[in-house]
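To start, the structure under review is shown below, and the notes come after it.
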Ligand SMILES: [Zn+2]
């Protein structure tokens, strides 16, 4: 390989590295991981909301059930007194019956409210079960997306490593001054830092070299590194 072929090889590897790094930073596999994680976060948020609602209803249900249990105990006591032998007057019997009636109405009311809560909780619990199943699937999706991402990244890293090895070989073969000229021009010209002499012109820019300059380059030995007088690119005769 001549030095100029090594210079083009170096440029090829720099271009390739740029493309690979660009690709690696914008992988659709990374978007897929993000999308899967977003779905999962939304699910967790919905589960959180439903559990708060559920807890609130469950607390009310507990309180009502506690009150119903207390009413049942009290009704048992009142029944015993009403039908036992301790009643001394019709007035007392009426008072007991009134209390029993009022407690039974309260009990009916509470039982109605408990039923309502259970009706609300039924779809909530169904949705929570649905979400628990969906979360397992979503977790598997995230894991699969991450595996795909890691695999693609590893493949690109492999290509980057191979490119770096080839680049290093080219650098080792290049004269130091050529390398310095290339590195100095690279920030301005990127992928077309080194171009070929077309025979009459620099092939990296749309300008025409003055004929005297073109003749000068033409007169150089093949494989000599010149510079375009118009754009400043490195031109290989
Ligand atoms: Zn030029």
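The values are calculated or read from the model by the stated rules, or taken from the named source; none is laboratory data. Since this is a predicted model, take the numbers as computed values, not measurements. Cβ atoms come from the backbone with ideal geometry, glycine included; neighbour counts cover every protein chain shown.
When the stretch 200-237 is limited to residues that are assigned to a loop (DSSP other than H, G, I, E, B) and more than 14 Å from the ligand (Cβ to nearest atom), the one that is farthest from residue 4 (Cα to Cα) turns out to be 219. For the stretch 201-221, check the following and say yes or no: at least one residue is touching a residue at least 40 places away in the same chain (Cβ under 8 Å) and surrounded by 12 or more Cβ atoms within 10 Å (Cβ to Cβ). No, that holds for no residue.
Selection over the stretch 156-199 of residues that are away from the ligand (no atom under 16 Å from the Cβ) and assigned to a loop (DSSP other than H, G, I, E, B) gives a count of 2. Going by the structure shown, is residue 82 over 30 Å from residue 170 (Cα atoms) and at pLDDT below 95? Here the answer is yes, as residue 82 does meet what is asked.
Listed by first and then second residue, the pairs linking a residue in the stretch 135-151 that is outside the structural domain of residue 40 (by TED's automatic domain parsing) and in a helix (DSSP H, G or I) to a residue that is surrounded by 12 or more Cβ atoms within 10 Å (Cβ to Cβ) and at pLDDT 95 or above, with Cβ atoms under 9 Å apart and 6 or more places separating them unless they lie on different chains, form an empty list.
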